[in-house]
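What follows is a short report on a single structure.
The values are calculated or read from the model by the stated rules, or taken from the named source; none is laboratory data. Computed from a prediction, not measured in an experiment: that's the story for all the values here. Cβ coordinates were reconstructed from backbone atoms using ideal geometry, including for glycine residues, and neighbour counts include every protein chain displayed.
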Amino acid sequence: MPGEDLQRFNPEEFPKLGAWPNSTYFNALSFEAENTANYKKNFGIAFSQEFMLVIDDEFHFQKEKGKKLQLLIEKNPAGFLKKWNAKCQKAIKKLKDYSDKNRHKPFEKYSNERLSREVERFHERMRETLGFLWTYLPTANAVEPYIVKKIPKINFQEIRPLRKVSAERLNEKLLKMRPGDEHALKRLARAFGWYGLSLLRGKALTPADLMQLRKTATLPKKIKVSRNALLKELQLFLWLKFERIDAYNYALYCMRPLFTEALKRIGLHEKYWEVLLPKEIEYALKTGQGPEKLGERFTFKGLVKTPQGVRPLSIEEYHALKERFAFKPSNQETFTGQIACPGKAIGPVKVVHSLEDISKVNPGDILVAAETLVQYEPWMHKAHGMIIEMGGLLTHSAIFAREFKIPTLVGVPQATKALHDWDLVEVDARNGIVKRLNANPSPTR
C-alpha cells in the first residue's frame, strides 16, 4: 500500500488510508465541482479556484451513508441541523481534549513502534472530525433552501454566529492589551499560534505578527441571539462552521512535535509531513522504507480522476488544462451577485488568490476572491468591501462580512478574472451590483 502509485487508489479508499486534505497534494479531494459539464466531460476535472484543479468526490461519505443523509435532510432539515450541531460540538471537544492532553508528551523518548501507534491514534481522532470539516452538503441542501428561505422576515442581523468567532476573540484580546506588553504578546502567541495555519499551510502566528495585527484590530459587533429556536440553531451552525476548522488546525499545531520526531526517525525534513499519507509514515517507522520521489509531490497541482483511477496532476498538465478552459476576458463593467452584507463601498481592487496574497489588502481596499479562508481573517476586516465568486448567505465570506459590517456580494461569476488590482470599483450591496469605475488606475498610496 505505502509507496504504491496513486493511480491504483479508489477515492473511497482514502479514509481507510487515513488521508486528509492537508496540502495541494491531497486537498483536491475536498472541493466540490463548480462546472458539471466540464466535470462529466473530463473524468472529474473541475476548477475550484484559478490556481487549483480539483475533482468532485465526497470521499468522506460512503455512498449508502450519503443517500441516507440526503433523505434525512429532505425529510426534516431542522432536525438534521440540530443533530449535526450536537455531533459537531462533541467531535470538536473530543479532538481539542485529545490535543491538550498529548501536546507535551516526550515523543523523542518513544520507540519507533510506540511512535507509530501514536501517529495512528492521532489520525483516528482526526478522522472522527473529518466529516464535519465540509459543510457544503448541509449548507446547500438543508440550510439555504429550507431554513433561510422559508423563515419569514429573516434579517441579516440574525444570520450570524451564536458566539464570537476566532477573529473577534483575537481582536478583542489585542485591543485590551497594553501597547508594548511583550509578556502579554507572548502569551497571546502561545494561545493563538495555530491561527496562522490552514491545514498545515501557512505559519504559526508570532508576537511580531500580533503587533502588526493590533494596528488594524477592531472590536466585534454585539451578537443578537435570535428568540426563534430554529434561527438560534442556525446561528450555532454558523459558529460551528468556523470552530470545526479551528479545532482541526489547533490539533495539527499541537501535535506537530509528534510528526517532527516521526519524520526525523525516518530521515525526512518535517516539510514532507504535508505530502505524506499517514499510513506511509506508520509504514516507514515500522519497516524503515518510505515512498520514493517524495520531492515530486510538491509539484503536483491536485488530483485527476480517470477511468483507470486517481493520480496526481503535474504542473504541465495543469497549465494545459487551464488553457483549455481559460476564461476569456470581456469589456464587462457591471457585475451582479447575491447580497451577503448590505451597504455600499468604493475603493481599489485587491485580487486574492492565496494565503500569500491576502497581506496586500489595506484599509479601504475592495477584496476580490474566489472564496475566503479562515486564515485570511486577520486581513479581511481591513477591507472596505468584498466581491466573492462562490457561495451564498452561509459561506465563510458572508458570515465574516456580517460580523464586521463589510458590504459584500457573493456569487459574482469570474470576478477574480475580470477585475484586476487597482481597478476602482463600487460595491453596491444594497442592490447587488458591482460597477467598475476606472480600470487599473495608477496606485496613489
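So in region 121-147, with the set limited to residues that are aliphatic (A, V, I, L, M) and buried (at least 17 other Cβ atoms within 10 Å of the Cβ), which one is modelled with the highest pLDDT? Please lay out each step first, then the result.
Of the residues in region 121-147, the ones aliphatic (A, V, I, L, M) are 126, 130, 133, 137, 140, 142-143, 147.
Add one more test, that the residue is buried (at least 17 other Cβ atoms within 10 Å of the Cβ), and what stays is 126, 130, 133, 137, 142-143, 147.
Working: MET126: 81, LEU130: 68, LEU133: 65, LEU137: 60, ALA142: 69, VAL143: 74, ILE147: 72.
Per the stated criteria, the residue is MET126.
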Specify the residue that is nearest to the chain's Cα centre (by Cα); the eligible residues are those in region 367-390 that are more than 20 Å from LYS203 (Cα to Cα) and among the β-branched types (Val, Ile, Thr). ILE388
Look at region 357-399 and say how many of its residues are assigned to a loop (DSSP other than H, G, I, E, B), of a type in the set (Gly, Ala, Ser) and crowded, with 20+ Cβ neighbours inside 10 Å. 3
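Would you check if there is a residue in region 297-306 being surrounded by fewer than 19 Cβ atoms within 10 Å (Cβ to Cβ), modelled with pLDDT under 85 and in contact with a Lys or Arg (Cβ under 8 Å, 6 or more places away or on another chain)? Lay out the reasoning, then the answer.
Residues of region 297-306 that are surrounded by fewer than 19 Cβ atoms within 10 Å (Cβ to Cβ), as a first pass: 297-299, 306.
Among the residues that remain, those that are also modelled with pLDDT under 85 are: 297-299, 306.
Then drop every residue that is not in contact with a Lys or Arg (Cβ under 8 Å, 6 or more places away or on another chain), which leaves none.
No, because not a single residue in region 297-306 is surrounded by fewer than 19 Cβ atoms within 10 Å (Cβ to Cβ), modelled with pLDDT under 85 and in contact with a Lys or Arg (Cβ under 8 Å, 6 or more places away or on another chain).
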Looking for something basic (Lys, Arg), crowded, with 16+ Cβ neighbours inside 10 Å and farther than 21 Å from GLN89 by Cα - is there at least one such residue anywhere in region 181-188? no
Anything in region 344-356 that is surrounded by fewer than 17 Cβ atoms within 10 Å (Cβ to Cβ) and either aromatic (Phe, Trp, Tyr) or closer than 22 Å to GLU426 by Cβ (or both)? List them, or say none. LYS344, ILE346
If LYS405 satisfies all but one of (1) under 18 Å from MET380 (Cα atoms); (2) crowded, with 21+ Cβ neighbours inside 10 Å, what's the number of the condition it fails? (2)
Given (1) assigned to a helix (DSSP H, G or I); (2) surrounded by fewer than 19 Cβ atoms within 10 Å (Cβ to Cβ); (3) at pLDDT 75 or above, index of the condition ARG163 fails: (1)
Is it the case that LYS286 is in the same structural domain as LYS83 (by TED's automatic domain parsing) and in contact with a Ser or Thr (Cβ under 7 Å, 6 or more places away or on another chain)? no
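Report yes if THR336 is in contact (Cβ under 8 Å) with a residue 12 or more places away in the chain, touching a strand residue (DSSP E or B) at 6+ places or on another chain (Cβ under 7 Å) and buried (at least 21 other Cβ atoms within 10 Å of the Cβ), otherwise no. Even if it seems obvious, please write down each step before you answer.
On the way: in contact (Cβ under 8 Å) with a residue 12 or more places away in the chain: yes; touching a strand residue (DSSP E or B) at 6+ places or on another chain (Cβ under 7 Å): yes; buried (at least 21 other Cβ atoms within 10 Å of the Cβ): no.
Considered against the rule, which asks whether it is in contact (Cβ under 8 Å) with a residue 12 or more places away in the chain, touching a strand residue (DSSP E or B) at 6+ places or on another chain (Cβ under 7 Å) and buried (at least 21 other Cβ atoms within 10 Å of the Cβ), THR336 comes out as no.
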Mind telling me which of the residues LYS382, LYS405 ends up being at positive phi, of a type outside the set (A, V, I, L, M, F, W, C) and touching a residue at least 12 places away in the same chain (Cβ under 8 Å)? LYS405
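Please go through region 259-272 and pick out each residue that is surrounded by fewer than 21 Cβ atoms within 10 Å (Cβ to Cβ) and in a helix (DSSP H, G or I). Please lay out each step first, then the result.
Within region 259-272, the first condition is being surrounded by fewer than 21 Cβ atoms within 10 Å (Cβ to Cβ), and the residues that meet it are 260-261, 263-272.
Of everything in region 259-272, those that are surrounded by fewer than 21 Cβ atoms within 10 Å (Cβ to Cβ) and in a helix (DSSP H, G or I) turn out to be THR260, GLU261, LEU263, LYS264, ARG265, GLU270, LYS271, TYR272.
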Go through the residues of region 179-195 one by one and say whether even a single one is touching a Leu at 6+ places or on another chain (Cβ under 8 Å) and assigned to a loop (DSSP other than H, G, I, E, B). no
Going by the conditions given, is ALA247 surrounded by 20 or more Cβ atoms within 10 Å (Cβ to Cβ) and over 13 Å from LYS164 (Cβ atoms)? yes
Evaluate region 281-289: report whether one residue or more is in a helix (DSSP H, G or I), in contact with an Asp or Glu (Cβ under 6 Å, 6 or more places away or on another chain), crowded, with 20+ Cβ neighbours inside 10 Å and modelled with pLDDT under 85. yes
Exactly one condition in (1) surrounded by 14 or more Cβ atoms within 10 Å (Cβ to Cβ); (2) in contact with a Lys or Arg (Cβ under 8 Å, 6 or more places away or on another chain); (3) outside any loop (DSSP other than H, G, I, E, B) is false for LEU231; which is it? (2)
Exactly one of LYS153, LYS186, LYS203 is outside the structural domain of GLN89 (by TED's automatic domain parsing) and either over 30 Å from PHE122 (Cα atoms) or modelled with pLDDT of 90 or more (or both), and that one is LYS186
